There are 2 protein chains.
Amino acid sequence: MEPASASTDASAHPFDSAIALTPLGLNLWQGHTSPAYGNMVGPFGGLTAAQALQAVLLHPQRLGEPVTLTVNFAAGLTDGDFVVEARPARTNRATQHWVIEVRQQEQVVLTGTALTALRRDTWSSQSESPMPQVPRPGEVAPAQGRGLVEWVNRYDMLFIEGALPALWNGTDHGLSRTRVWLRDRPGRPLDFASLTALSDVFFPRIWRRRATRVPIGTVSLTVYFHATTAQLQTTGTGYLLGQAQAEAFHQGFFDQNAQLWNEAGELLVTTHQMVYYKE
Amino acid sequence: MEPASASTDASAHPFDSAIALTPLGLNLWQGHTSPAYGNMVGPFGGLTAAQALQAVLLHPQRLGEPVTLTVNFAAGLTDGDFVVEARPARTNRATQHWVIEVRQQEQVVLTGTALTALRRDTWSSQSESPMPQVPRPGEVAPAQGRGLVEWVNRYDMLFIEGALPALWNGTDHGLSRTRVWLRDRPGRPLDFASLTALSDVFFPRIWRRRATRVPIGTVSLTVYFHATTAQLQTTGTGYLLGQAQAEAFHQGFFDQNAQLWNEAGELLVTTHQMVYYKE
């Protein structure tokens, strides 16, 4: 009803609207799925992971910045409201451990844990995982057309290697690797929530590998944040280089390892997931 | 008091004694730290992770085999008793999600989650993560002398590359990678609990990289089990090839990626951890 507020809402970035949570009580928030980040069925898992982390980020007792996050997708979310619980299970001098649960209709749909910590200056190096030599964002053509699912349209994706197969002909390509420049569309300054969603932005490695769209679903996602708030601020609305690859596909589950570097070549995230697949 | 039982205990493998849990009630078990797996202070973290998984493995409602496990070390365990809670948060047709907590004196010392699942035969491949070409176990000299800490003596370790630095002279070696043949000492048929402990058996990557023993502590460990029970049985008491490397060391935390293959070259585990370090 308040014009200024309504106007703010209307101009809000779709990601900000999507991750908005309303406090319900101690450790509890209410959120809602967002059509802007809709998947084939229910919401994009990266958005759900970001919403889970957001409850930690909003918590008045939070100590420090996110260092690790693991979320397990226990059941597909249905479109609508959900409750997030984020509980500080242990608070130490410089680290804090969180237990997270997302529920719909009293049923658990996501379990998770996170670590936040006060960072300090130390000897640092990322020389063992340098950004690959790839064309700059301006030299790569954007993916054409609209995505098969709505959330894909919320990201600029410039595929360098390993785009969705042009032919779904079941050929084993022998390699599951994808390299792609990524950013929110429209542009939005990077933060820990959007970095979490970007960690899950890669289409299923088994589709890339086999050129076959078998049914899949991520069951567990872990994000290791190497970036500090200062680095996120200097990264701003720039592109991130994402690289993702599987190590093993075995009896119904495959893994995915991925990295996200900013344009300056700083490694912001390493992230891992285990994915269910059929056939 | 019962002679046969006492004799069984005396002949039990130290790992079996160490992971033994006593039921306390619904979802609850009591365990104890084990001097045989003692670390500098408190127990070896891999053993604690195995004890956490063991509560899931022993649970009468468990569905299927372990597929993922994440444990967060919230505080150092003190030597003595602890309570493990393993709660099935969601049970689906073929997958089951677990929430785990370890407590000492009512304080949380470990948080965790796990996924168990019924596996099924599918297209499978691990060609993107082949076992490196390395000398066979019989061709590699065992590590000499007793370990700095007790738990190290519970493992045979045949270092191929990246053993503990011979000189702690602070040289940046530029590479944090270790390759080592590993197995329980004395031999013990591999199972999911011992595979979990073996996932955490690598000494800190920052010691290897910098030849400096800075204070460290694993804060979060994730294990992806690619192995099935049948593969564990055929692996038996054979060696596993372990490979571990860091991608980023940044402001107090570094990551570690590792793989475990059996002697036949089957990838049994990919595992990741985030480690606190000082200086």
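No lab work stands behind these numbers, since they all come straight from the coordinates. Because the structure is a prediction, the values reported are computed rather than measured. Note that we place each Cβ from the backbone using ideal geometry, even for glycine, and neighbour counts take in every protein chain shown.
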Original post:
Inter-copy label distances at B:LEU24, 7 Å along the Cα→beta-carbon direction, one decimal in nm, shortest first?
Top reply: 2.9
Subject >> Ranked B:HIS250, A:HIS59, criterion: other C-beta atoms within 10 Å, fewest first >> reply: A:HIS59, B:HIS250
Original post:
Relative contact order for chain A using alpha-carbon pairs under 8 Å, separation at least 6, rounded to a whole percent?
Top reply: 17
Subject >> segment A:213-279: relative contact order as a whole-number percent, Cα under 8 Å and 6+ apart >> reply: 44
Subject >> For A:ASP81, inter-copy label distances in nm, listed shortest first [label point 7 Å out on the Cα-Cβ vector] >> reply: 4.4
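Write out the GluC sites (Glu not before Pro) in segment B:31-107 meeting two conditions: DSSP loop, and at most 11 other Cβ atoms within 10 Å of their Cβ. Before the final figure, lay out each step's value.
Values: sites: B:GLU85, B:GLU101, B:GLU106; in loops: B:GLU106.
Counting only loop positions with at most 11 other Cβ atoms within 10 Å, the GluC sites (Glu not before Pro) in segment B:31-107 are B:GLU106.
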**OP:** Go ahead and set up a Gaussian network model of chain A, Cα springs under 10 Å, then flag whichever of A:PRO165, A:PRO135, A:PRO204 fluctuates most.
**Re:** A:PRO135
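Once the convex hull of the C-alpha atoms of chain B is built, how many Å³ does it hold per residue, rounded to a whole number?
On the way: hull volume 42.3 nm³, N = 279.
In chain B, the Cα hull volume divided by residue count equals 152 Å³.
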Original post:
Between B:THR212 and the same site in the other copies, what are the distances in nm, shortest first, taking label points 7 Å from Cα along the C-beta direction?
Top reply: 5.2
Original post:
What list do you get for B:HIS32, A:HIS97 if you sort them by fewest beta carbons within 10 Å?
Top reply: B:HIS32, A:HIS97
Original post:
When the gyration tensor of the protein assembly as shown is built from Cα positions, what are the square roots of 5 times its three eigenvalues, in whole Å, from largest to smallest?
Top reply: 37, 27, 24
Subject >> In sequence order, calculated HN-Hα J values of segment A:158-165 (Karplus, 6.51, -1.76, 1.60; Hz; x Gly/Pro) >> reply: 10, 7, 9, 7, x, 6, 3, x
Subject >> Of B:PRO60, B:PRO189, B:PRO137, the one that fluctuates the most in a GNM where chain B has Cα springs shorter than 10 Å >> reply: B:PRO60
**OP:** Could you work out how far helix A:45-58 tilts from the main Cα principal axis of chain A, as a 0 to 90 degree angle to the nearest 10?
**Re:** 30
Subject >> DSSP-assigned coil residues among trypsin sites (Lys or Arg not before Pro) in segment A:15-105, each with at most 15 further Cβ atoms within 10 Å >> reply: A:ARG93
